Amino acid sequence: MKKMIVLAALALVGCGVDGEPVQPTGGVNVTLNGDGVGLGANLGLKKGPVRVGLGL
């Protein structure tokens, strides 16, 4: 139930109800080295000069 509330709040913030919309950011990194292939990903949110992200 908490996940649904958080998702609903993010949807409202993301559509710009409270002002400037929040822009999602993301990317995938693929690296090749002698040990094999490495994969990474990052997800984030941007609103004006503020950015919050998570790298995996």
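Within the range 41-50, if we keep just the residues that are out of contact with any strand residue (DSSP E or B) (no Cβ under 6 Å at 6 or more places or on another chain) and outside any loop (DSSP other than H, G, I, E, B), the residue that is surrounded by the fewest Cβ atoms within 10 Å (Cβ to Cβ) turns out to be Val50. Does the range 10-30 contain any residue that is among the aliphatic types (A, V, I, L, M) and modelled with pLDDT of 90 or more? Yes: one or more hits. Summed over the range 19-40, the residues that are surrounded by 10 or more Cβ atoms within 10 Å (Cβ to Cβ) and aliphatic (A, V, I, L, M) give a count of 1.
Within the range 9-30, residues that are among the hydrophobic types (A, V, I, L, M, F, W, C) have Cβ atoms under 6 Å from residues that are modelled with pLDDT under 70 in these pairs: Val22/Val13; Val22/Gly14, counting only partners at least 6 apart in sequence or on another chain.
The values are calculated or read from the model by the stated rules, or taken from the named source; none is laboratory data. Worth saying up front: this structure is predicted, and the values here are computed from it rather than measured. Cβ atoms come from the backbone with ideal geometry, glycine included; neighbour counts cover every protein chain shown.
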